[in-house]
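Down below is the structure, laid out as structure tokens.
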Amino acid sequence: MTNEILTISNFNVNYGSKKILDNINLSFKKNTINCIIGSSGCGKTTLLKSINNSIVFESELHVDGNICYDGENISDIDDSTLRKEIAMLMQMPVVFPFSLYKNLEYVLDYYLKIDKTRKNDMIVDILKKVQLYEEVKDDLNISAEKLSGGQKQRLCLARALLTEPKIILLDEPCSALDVYNTMCIENLLLSLKHESTIIIVTHNIQEAKRINDRIIFMKDGKVVEDNENFFENMSTEEARAFINVN
Amino acid sequence: MKTLSKIIKFFSYTSFILLMGIIIFIFLYTVYRSIGIINFEFIFDSPRGMVLGEEGGIFPAIIGSIWFSLTALILAFVPALCSAIYLVFYLKNNRVKTFINNVFENVAAIPSIIFGLFSYAVFVYMLGFGRCILSAGVALALMIFPFLERKIEKSFLEVDKNLLIASYNLGIDIRRTFIKIVLPLCFKEIISSVILSLLFAMGATAPILFTGGVAFATVPNSLLKPAMALPLHLYLMIAQGASQINRAYGVAAVSLMILFIFSTLAYCFSHKTYKKV
């Protein structure tokens, strides 16, 4: 049985005549943390959005190539089903204009028909899992918009984890967070690796160093280096130049 | 630069004061001329007199106006809401979207009497409904549809797109996202738009002139009956040379008061409780 959960073959994204992604060929193993690094505008976020097909929200993009999730082409999978299995967290955490409790209830009510007691238990469990429960346990009905940035990001992660995704995509999840919240998120990701495959875009090279099982270095829409021992053994000049600068 | 900015400021303030002055003058003058006219009998009695409206009241016209505008609203609201939902959440082809929006804008530019003509030809004459609230309601619905659709669509477009994407990224479909996130955020603005559309329909005379509005009718109890309407009643009073022009001002004052009450309601509903963008 293959250990690969996601494969990307001959994948291109164009915006008019401009190439955003150029002949991407990648595969991702189960239960690994894959960090995508590269300078701004090299196509990292576009690659991430292509995986769960949220690229359809960007008009005027032309997409070509194949992405297969668990052996099936994602164009053959219903978008809702795909995004349940492949969760995505954006750089700026987006909480719904409800209470913290209702933010999580919103997901549970969509996927499960369960009673209030079971729902409460699941919400408490997931908040504990993302290490948010102790900070908010006194008032779960607090408006989610009143949470701090780090708390919001952990809430978004909790929301995503309720769908039990096989792959979690994260686009610079810690870029707006302080050191404490960054460490929280990183520790969470290390623990989640055993349940899901994680693909994270990051500008924080130290963070990438701490959590990665594999580094994918991108430049100008291309994968320049794909290395499981990236920091010990960089094989391309561009990668070395990028690390030196950053 | 400072002089230019002062000139712009001067013209802005002057225009604002002038406009507000004219509006307040119209309102106050109308109310002033109607003093002594508006009383319980005027509001709740039926019109009488050699020239209709010279004596009695305007109750059938008030109720008729409500019937006309509610009929128009019921006929226009569902298509307007569905069109807005389709254009914002489902239609991906930008060219088709632009084409549809252009069509709606052109419909908005059609003189309202044309809608009256259309309804007269189809509903009054061809389908045999005759002059009735339903025929007039169709004409009014066509008139208010682009206005209502535009306002609802604008309300949907103001919802932070990131909220929608965050919901879709959880695998939640458009229908659920719309019901649980978009609709609560837009609800008050939709209500406000509905009230404003109601007022728009209530003030229209041309579309109901030969489709459902009549000079004299009792309080309507069916969509298939003709009815009086406030703006039509006012027009007929002045057109027929009513000697008691103050009574015409009374009709106008009642119309303005209804407008004021509903506008205030619309304003209260349009006050946002959620930060959308």
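The values are calculated or read from the model by the stated rules, or taken from the named source; none is laboratory data. Keep in mind it's a predicted model, so treat the numbers as computed, not measured. FYI the Cβ positions are ideal-geometry reconstructions off the backbone, even for glycines, and counts take in every protein chain you see. Note: accessible area is taken over every heavy atom of the protein model, side chains too, but ligands, DNA and RNA are not part of it. Shrake-Rupley method; radii C 1.70, N 1.55, O 1.52, S 1.80 Å.
Can you tell me, using C-alpha contacts under 8 Å and at least 6 residues apart, the relative contact order of the stretch B:59-275 as a whole percent?
The normalised contact order for the stretch B:59-275 reaches 32 percent.
How about the stretch B:1-60: which GluC sites (Glu not before Pro) there lie in a loop by DSSP and see at most 16 other Cβ atoms within 10 Å?
The qualifying sites are B:54.
Kindly report the accessible area of the protein assembly as shown per residue (heavy atoms of protein chains, probe 1.4 Å, no ligands, DNA or RNA), in Å².
50
In what sequence, highest mean first, do A:38-51, A:136-149 appear when ranked by Cβ atoms within 10 angstrom?
A:38-51, A:136-149
Please go through the stretch A:154-246 and write out the chymotrypsin sites (Phe, Trp or Tyr not before Pro) that DSSP classes as loop and that have at most 14 other C-beta atoms within 10 Å.
Of the chymotrypsin sites (Phe, Trp or Tyr not before Pro), the ones in loops of the stretch A:154-246 whose Cβ has at most 14 other Cβ atoms within 10 Å are A:231.
What is the extension gain from residue A:245 to residue A:39, computed as 0.36 nm multiplied by their sequence separation minus the C-alpha to C-alpha distance, in nm to one decimal?
Here the answer is 73.1 nm.
Of the DSSP beta bridges with both residues in the protein assembly as shown, give the percent that are antiparallel, rounding to the nearest 5.
Here the antiparallel bridges make up roughly 60 percent for the protein assembly as shown.
If you count, for every residue in B:15-21, the Cβ atoms of partner chains within 10 Å of its Cβ, what is the mean?
Other-chain Cβ atoms within 10 Å of each residue's Cβ, averaged: 0.
Out of the total accessible area of chain B (probe 1.4 Å, heavy atoms of protein only), what percent is carbon and sulfur?
72
Compare the peptides A:79-85, A:22-28 by average per-residue count of other Cβ atoms within 10 angstrom and give them in order, highest first.
A:79-85, A:22-28
Restrict the search to the stretch B:42-105; then list the trypsin sites (Lys or Arg not before Pro) that DSSP places in a loop and that have at most 10 other Cβ atoms within 10 Å of their Cβ.
B:92
For chain B, rounded, prolate or oblate, judged on the Cα gyration tensor with a ≥ b ≥ c (square roots of eigenvalues), a/c < 1.5 rounded, else prolate if a/b > b/c?
Note, shape of chain B comes out oblate.
Rounded, prolate or oblate, given the Cα gyration tensor of the stretch A:199-246, with a/c below 1.5 counting as rounded?
It is rounded, given that a/c, with a ≥ b ≥ c, falls under 1.5.
Kindly point out which whole DSSP H helices in chain B project their C-alpha atoms 30 angstrom or further along the helix axis while averaging a Kyte-Doolittle hydropathy of 1.6 or above.
Taking the DSSP H segments of chain B (at least 30 Å long, mean hydropathy at least 1.6), we get B:59-85.
Taking a probe of 1.4 Å and counting only protein heavy atoms, give the total accessible area buried between chains A and B in Å², rounded to the nearest 100.
Buried surface at the A/B interface: approximately 1800 Å².
With a/c under 1.5 counting as rounded, go ahead and sort the stretch A:6-137 into rounded, prolate or oblate using the C-alpha gyration tensor (a ≥ b ≥ c being the square roots of the eigenvalues; past the cut-off, prolate if a/b is larger than b/c, else oblate).
Prolate shape, in that a/c is at least 1.5 and a/b is the bigger ratio.
Which whole number gives the average count of other chain Cβ atoms within 10 Å of the Cβ atoms across peptide B:86-94?
1
Let me confirm one metric for peptide A:94-102, namely the mean number of other chain beta-carbon atoms within 10 Å of its residues' beta-carbons.
Across A:94-102, the average partner-chain Cβ count within 10 Å equals 4.
Could you work out how far helix A:100-111 tilts from the main Cα principal axis of chain A, as a 0 to 90 degree angle to the nearest 10?
Result, in degrees: 70.
Go through B:258-269, B:141-152, B:10-21 and give me the packing order, highest mean Cβ count within 10 Å leading.
Packing proxy ranking, top to bottom: B:141-152, B:258-269, B:10-21.
With all protein chains present, how much of the accessible area of chain A (probe radius 1.4 Å) comes from carbon and sulfur, to the nearest whole percent?
45
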